[in-house]
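The values are calculated or read from the model by the stated rules, or taken from the named source; none is laboratory data. Source: prediction; values computed, not measured. As a convention, Cβ positions derive from the backbone with ideal geometry for all residues, glycine included, and neighbour counts pool all protein chains shown. The accessibility values were calculated without ligands, DNA or RNA, using every heavy atom of the protein model including side chains. Shrake-Rupley method; radii C 1.70, N 1.55, O 1.52, S 1.80 Å.
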Amino acid sequence: MDSFQEIFRKNREWAARTKKNCPDFFEAMAHQQNPEYLWIGCSDSRVPANQIVDLPPGDVFVHRNVANIVVPSDLNCLSVLQYAIEVLKVKHVIVCGHYGCGGVAAAMSNEKHGMIDNWLRHIRSTIRLHKVTLEALSSDEERTDLLCELNVIEQVRNVCATTIVQDAWDAGQKFSVHGIIYSIRNGLLKDMLHVGVGDVETKGIDFPKLLD
Ligand code: CO
């Protein structure tokens, strides 16, 4: 069986298994979605949103792109953010990065990668901001991992700065924006920072300059 047909075989098995375990599952899904989380993550195939937090369909509204970047000119990402906040009224917006991110590593290298370099330019400004700290590290792996963390923080800032989030917070809507990072090596998430209405809390990580 070729790998494309494999998708349908696995889908039929999954649908049957899900219905067996929970007979009302698809009936309930068909009526509405009511997720509490918006997940903004990397497209990397090793970081599937629902699977790594062990949540079923219906629980996570998801947007993924290369290197989990949020920029105010990206109508795709902004549309997802607007729908999640204004219609779904999610309680948590999560920016999830991951260590060893190929997009982040590519942004740091001086090689050309074609069209995607235009997208990764958004990370270059973060590199410029933290040039001294990054250059002080002894290996490319350490530099990439720190930049993966810094990129998450930068994208949390970008989420918070959108008119969508600002307007919702001004109107008194309650939700938080979180920055977390995933380790492909051990499957664990690290909580990095949390921004609510007018408050910022870092989770044992010292990034004061980034939060002003
Ligand atoms: Co990645």
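Test residue 73 against the stated conditions and say whether it is loosely packed, with under 12 Cβ neighbours inside 10 Å and within 16 Å of the ligand (Cβ to nearest atom). Before you say what the answer is, go through the steps one by one.
Working: loosely packed, with under 12 Cβ neighbours inside 10 Å: yes; within 16 Å of the ligand (Cβ to nearest atom): no.
Criteria not met by residue 73.
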> Taking region 103-122 as the search range and keeping residues that are open to solvent by 60 Å² or more (accessible area, probe 1.4 Å) and polar (S, T, N, Q), which one is farthest from residue 139 (Cα to Cα)?
Replying inline: 118
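Of all residues in region 126-142, which are assigned to a helix (DSSP H, G or I) and open to solvent by less than 50 Å² (accessible area, probe 1.4 Å)? Working first, answer last.
Taking region 126-142 first, the residues assigned to a helix (DSSP H, G or I) are 126-129, 131-136, 140-142.
Matches in region 126-142: 126, 127, 134.
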> Residue check, residue 51 against (1) within 16 Å of the ligand (Cβ to nearest atom); (2) surrounded by fewer than 12 Cβ atoms within 10 Å (Cβ to Cβ); (3) not in a helix (DSSP H, G or I), all met but one. Which one?
Replying inline: (3)
> Within region 90-125, how many residues are over 18 Å from the mean Cα position of the chain (by Cα), of a type in the set (A, V, I, L, M) and away from the ligand (no atom under 13 Å from the Cβ)?
Replying inline: 1
>> Would you confirm whether or not region 177-190 contains a residue that is exposed (fewer than 12 other Cβ atoms within 10 Å of the Cβ) and in contact (Cβ under 8 Å) with a residue 12 or more places away in the chain?
In response: yes
>> Can you tell me how many residues within region 126-156 are among the basic types (Lys, Arg) and either within 13 Å of residue 68 (Cα to Cα) or within 16 Å of the ligand (Cβ to nearest atom) (or both)?
In response: 1
> All but one of (1) closer than 24 Å to residue 27 by Cβ; (2) at pLDDT 95 or above; (3) more than 15 Å from the ligand (Cβ to nearest atom); (4) of a type outside the set (D, E, K, R) hold for residue 85; which doesn't?
Replying inline: (1)
> Quick check: is even one residue across region 23-45 assigned to a loop (DSSP other than H, G, I, E, B), open to solvent by less than 80 Å² (accessible area, probe 1.4 Å) and among the hydrophobic types (A, V, I, L, M, F, W, C)?
Replying inline: no
> Got a number for residues in region 76-102 being open to solvent by less than 10 Å² (accessible area, probe 1.4 Å) and part of a helix (DSSP H, G or I)?
Replying inline: 4
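So is residue 61 surrounded by 12 or more Cβ atoms within 10 Å (Cβ to Cβ), more than 13 Å from the ligand (Cβ to nearest atom), outside any loop (DSSP other than H, G, I, E, B) and not assigned by TED's automatic domain parsing to the domain that holds residue 154 or not?
Values: surrounded by 12 or more Cβ atoms within 10 Å (Cβ to Cβ): yes; more than 13 Å from the ligand (Cβ to nearest atom): yes; outside any loop (DSSP other than H, G, I, E, B): yes; not assigned by TED's automatic domain parsing to the domain that holds residue 154: no.
In short, no.
Could you list all residues from region 147-201 that are charged (D, E, K, R) and closer than 19 Å to residue 130 by Cβ? So that I can check it myself, show each step before the final result.
Narrowing region 147-201 to residues charged (D, E, K, R): 149, 154, 157, 167, 170, 174, 185, 190-191, 199, 201.
Answer for region 147-201, where residues must be charged (D, E, K, R) and closer than 19 Å to residue 130 by Cβ: 149, 154, 157, 190.
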